[in-house]
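Peer 1: I am attaching a structure below and will ask some questions about it afterwards.
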Amino acid sequence: MAKTVKSPRWGWALTGSGHFVKETLAIIKQLSDLDLFLSSAAEEVLNMYKQDLVLPEGTRIYKDRTASAAPVGNFYYGVYHTLILGPATSNTVAKCVYGISDNLATNVFAQAGKCRVPAIVFACDTAPVMDTEAPKGMVKVYPRRIDLENTERLKTFEDTTVVETIDEFERAIDARRQWLSGSSS
Ligand SMILES: Cc1cc2nc3c(=O)[nH]c(=O)nc-3n(C[C@H](O)[C@H](O)[C@H](O)COP(=O)(O)O)c2cc1C
């Protein structure tokens, strides 16, 4: 019989997005009991933005080094109470929407769904025109119709909350944290 996990953790998948990545890292720092999953692009992009991963003590980092996304097995043993996926690139959102799980980030999303672990997704592509931070400063980006449609499609997924702004992201995580502390008391 599977062991019951005493303190389930936050699972957080980072993708190769520069959009609000610095603000996202600031939110991550405030969480405890956290496992971080990095897509290969996430690793590269963090370097480009010169972002060192300064993480809460006890955080475990999983990099995308296996074809089978081996670390996702923990979802089956109740290790995670919540998956956070964000910022989520248009690539990752598209794959998630079509049920593709071919790297660590898309696998944790798929396995969270299959294990009924609620997910909060901060999608990058949310408006026809957006200001976003590139490594050398702010730029304008124009998400395509397919990108915006995929974000909308993801909103229809079960147990999935899709947020569109960094403020909404923070609020969704806070609301989940509050719900969790209520449910454990
Ligand atoms: C500096 C930099 C910033 C990027 N920011 C974004 C972004 O905000 N949104 C996005 O959809 N793709 C962005 N990309 C492109 C993704 O990293 C690329 O599509 C990658 O294949 C995504 O892989 P992943 O979804 O597996 O992480 C960026 C690329 C670079 C080099």
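The values are calculated or read from the model by the stated rules, or taken from the named source; none is laboratory data. These numbers were taken from a predicted model, which means no experiment stands behind them. Note that we place each Cβ from the backbone using ideal geometry, even for glycine, and neighbour counts take in every protein chain shown. For the accessible areas, the whole protein counts, side chains as well, though only heavy atoms, and no ligand, DNA or RNA atoms are used. Shrake-Rupley method; radii C 1.70, N 1.55, O 1.52, S 1.80 Å.
Peer 1: Could you check the stretch 37-83 and list, in sequence order, the residues that are over 22 Å from residue 22 (Cβ atoms), buried (at least 18 other Cβ atoms within 10 Å of the Cβ), out of contact with any Gly (no Cβ under 6 Å at 6 or more places or on another chain) and of a type in the set (Phe, Trp, Tyr)?
Peer 2: Within the stretch 37-83, just 75 meets the criteria.
Peer 1: Still on this structure: Suppose we keep only residues that are of a type outside the set (Ser, Thr, Tyr) and part of a loop (DSSP other than H, G, I, E, B) within the stretch 25-36. Which one would you say is least open to solvent (accessible area, probe 1.4 Å)?
Peer 2: Let us first name the residues in the stretch 25-36 that are of a type outside the set (Ser, Thr, Tyr), namely 25-31, 33-36.
Keeping just the survivors that are part of a loop (DSSP other than H, G, I, E, B) gives 29-31, 33.
Numbers: 29: 113, 30: 109, 31: 4, 33: 74 Å².
Selected residue: 31.
Peer 1: Answer yes or no: is there a residue in the stretch 7-24 that is open to solvent by 20 Å² or more (accessible area, probe 1.4 Å), within 11 Å of the ligand (Cβ to nearest atom), more than 24 Å from residue 174 (Cβ to Cβ) and not acidic (Asp, Glu).
Peer 2: Yes, the conditions are met somewhere in the stretch 7-24.
Peer 1: Which of (1) farther than 21 Å from residue 176 by Cα; (2) within 14 Å of the ligand (Cβ to nearest atom) is the odd one out, the single condition residue 153 does not satisfy?
Peer 2: Every condition holds for residue 153 apart from (2).
Peer 1: Just to be sure I understand the filter: pairs with C-beta atoms under 8 Å, separated by 6 or more residues or on different chains, first member in the stretch 21-38 and on the phi > 0 side of the Ramachandran plot, second member open to solvent by 10 Å² or more (accessible area, probe 1.4 Å). Which pairs pass?
Peer 2: Hits for this filter: 33/7; 33/8; 33/9; 33/10; 33/58.
Peer 1: Counting only residues that are open to solvent by 50 Å² or more (accessible area, probe 1.4 Å) and either in contact (Cβ under 8 Å) with a residue 40 or more places away in the chain or farther than 20 Å from residue 79 by Cα (or both), how many does the stretch 114-150 have? Please lay out each step first, then the result.
Peer 2: Taking the stretch 114-150 and keeping what is open to solvent by 50 Å² or more (accessible area, probe 1.4 Å), we get 114, 116, 128-129, 131, 133, 135-136, 138-142, 144-146, 149.
Cutting the leftovers down to either in contact (Cβ under 8 Å) with a residue 40 or more places away in the chain or farther than 20 Å from residue 79 by Cα (or both) gives us 116, 128-129, 131, 133, 135-136, 138-142, 144-146, 149.
Of the residues in that region, 16 qualify.
Peer 1: Give, as residue ranges, the strands (runs of 3 or more DSSP E) completely inside the stretch 65-184 that count at least 1 residues that are within 17 Å of residue 39 (Cα to Cα) and modelled with pLDDT of 95 or more.
Peer 2: Values: elements: 80-88, 119-123, 130-134, 137-141, 160-163.
The qualifying strands (runs of 3 or more DSSP E) are 80-88, 119-123.
Peer 1: Could you check how many residues of the stretch 69-96 are without any contact (Cβ under 8 Å) to a residue 12 or more places away in the chain and within 16 Å of the ligand (Cβ to nearest atom)?
Peer 2: Residues flagged as without any contact (Cβ under 8 Å) to a residue 12 or more places away in the chain and within 16 Å of the ligand (Cβ to nearest atom) within the stretch 69-96 amount to 1.
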